[in-house]
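*Asks:* Take this structure first; my questions come after.
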Amino acid sequence: MIEAELKARVHAPEAVMRQLDERAEARVEVYRDTYYDRPDGSLEKAGEELRVRTVHGADGTRTVLTYKGAAVDAESGSKPEHETRVEDADQAHAILRGLGHVEVIAFEKRCRNYDLEARGRQMLATLVRVPEIDGTFLEVETLVDEGEVPAALDDIRAVLAELGIGPEDLTRETYTGAVAAQRRI
C-alpha cells in the first residue's frame, strides 16, 4: 500500500484543532521515533526510511516497526509503507542494530490524531508539534493502491482546503531533516 500524504505548516492551529474536534474524536499521543540506516547511508540516499516508533497515549504504549520505500509521487513524497506492531521496543532496536543498521536520529513528536472519513476514504489527520522545531504541522494521509495516489492526493487537498490550509502552506520538509538542522546550530 502507498501512504498518500500531504503535510502543511499550520498558521492558526487552534482554529484547525476546533474544526477537527467537530469532525472526529482526538487521540493525544506522544511518538518517540528512532530512524535507522545502513552504515553507508544507502537507505537515505535511495529515499527509503526504517523507523521504530513507540507511541505513548491514553490507551497505553505500543511500538511499530516501519519501512518506507522510495517516493512514488515526487510532488507529495508519498511512499509505499510497510508497518507492523512489535511486542518489545528494546528488542526491535537490538534486532536492527544486530543486522548492522545504525541509529541516525531520534526525536519526539507530540500528536493530536483524528481518524476521519472524508470523500469516501478513511483518513488520518494529525496535528504535530516537534519540540525542537518551531511551528505546528498538519499531516493528512490515507492508504491506497499505487494507481489511486493522484485521486487520493486530490481528496486530501480538498480536506486541507476545508480546514483553511492552502497549497502555499504545503511543505515537503521532513522532521528528520529539520531536527538534524536544529541540532547542528
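*Asks:* Just one of (i) 0.95; (ii) 1.02; (iii) 0.99 is Rg/Rh (Cα atoms, Kirkwood Rh) calculated from these coordinates, so which is it?
*Replies:* Of the labelled values, this structure produces (i).
*Asks:* For every other residue with a beta carbon closer than 14 angstrom to the beta carbon of residue 84, add +1 if it is Lys or Arg and -1 if Asp or Glu, then tell me the sum.
*Replies:* Net charge around residue 84: +1.
*Asks:* Please work out the FRET efficiency for the pair residue 99 and residue 158, using the Cβ-Cβ distance as r and a Förster radius of 30 Å; give the result to the nearest 0.05.
*Replies:* Between residue 99 and residue 158 the formula returns 0.10.
*Asks:* For the range 172-185, in order, what is each residue's ³J(HN,Hα) by Karplus, 6.51 cos²θ - 1.76 cosθ + 1.60 with θ = phi - 60°, in whole Hz (x at glycine and Pro)?
*Replies:* 9, 4, 9, 5, 4, x, 5, 5, 4, 5, 5, 6, 6, 5
*Asks:* Something else about it: Is it possible to state the helix-based mean residue ellipticity at 222 nm for the chain, with each DSSP H run of 4+ residues giving -39500 (n - 2.57), the sum divided by total residues, to the nearest 500 deg cm²/dmol? What is it?
*Replies:* Mean residue ellipticity, 222 nm, calculated: -7500 deg cm²/dmol.
*Asks:* May I ask for the net charge around residue 131, where only other residues with Cβ less than 11 Å from the Cβ of residue 131 are counted and Lys, Arg are +1 while Asp, Glu are -1?
*Replies:* 0
*Asks:* Within 11 Å, Cβ to Cβ, of residue 68, how many net charges do the neighbouring residues add up to if Lys/Arg are +1 and Asp/Glu are -1?
*Replies:* Taking every other residue near residue 68 into account, the sum is -4.
*Asks:* Need the full-extension length gain, residue 72 to residue 25, defined as separation in residues times 0.36 nm minus the C-alpha distance. One decimal, nm.
*Replies:* Extra length from residue 72 to residue 25 when fully extended: 13.8 nm.
*Asks:* Roughly how many nanometres apart are two label points built 7 Å out from the Cα toward the Cβ at residue 110 and residue 46?
*Replies:* With each label point 7 Å from Cα toward Cβ, the separation is 3.7 nm.
*Asks:* While we're on this one: In the range 49-123, which GluC sites (Glu not before Pro) fall in coil by DSSP and have 14 or fewer other Cβ atoms within 10 Å?
*Replies:* Taking the range 49-123 and a limit of 14 other Cβ atoms within 10 Å, the loop GluC sites (Glu not before Pro) found are 75, 87.
*Asks:* If you take the beta carbon distance between residue 1 and residue 181 as r and set R0 to 25 Å, what does 1/(1 + (r/R0)^6) give as a FRET efficiency, to the nearest 0.05?
*Replies:* Step by step, r from the Cβ atoms, then E = 0.25.
*Asks:* For the residues 115, 37, what sequence is obtained by ranking on other C-beta atoms within 10 Å, fewest first?
*Replies:* 115, 37
*Asks:* Taking the Cα centre of the range 114-167 as the origin and placing charges on Cβ (Lys, Arg +1; Asp, Glu -1), which of 122, 150, 165 is farthest toward the positive end of the dipole?
*Replies:* The one lying farthest along the dipole's positive direction is 165.
*Asks:* Once you've got the GNM for the chain with C-alpha springs shorter than 10 Å, pick whichever of 12, 125, 71 has the biggest mean-square fluctuation.
*Replies:* Largest GNM mean-square fluctuation: 12.
*Asks:* Of 80, 70, 176, which is farthest on the positive side of the dipole of the range 2-184, counting Cα position, with +1 on Lys and Arg Cβ, -1 on Asp and Glu Cβ, and the Cα centre as origin?
*Replies:* In the range 2-184, that residue is 176.
Readers should treat all values here as calculations from the given coordinates under stated rules, not as data from a laboratory. A quick note: this is a predicted structure, and the numbers were derived from the prediction, not measured. Glycine gets a Cβ as well: all are built from the backbone with ideal geometry, and neighbour counts include every protein chain shown.
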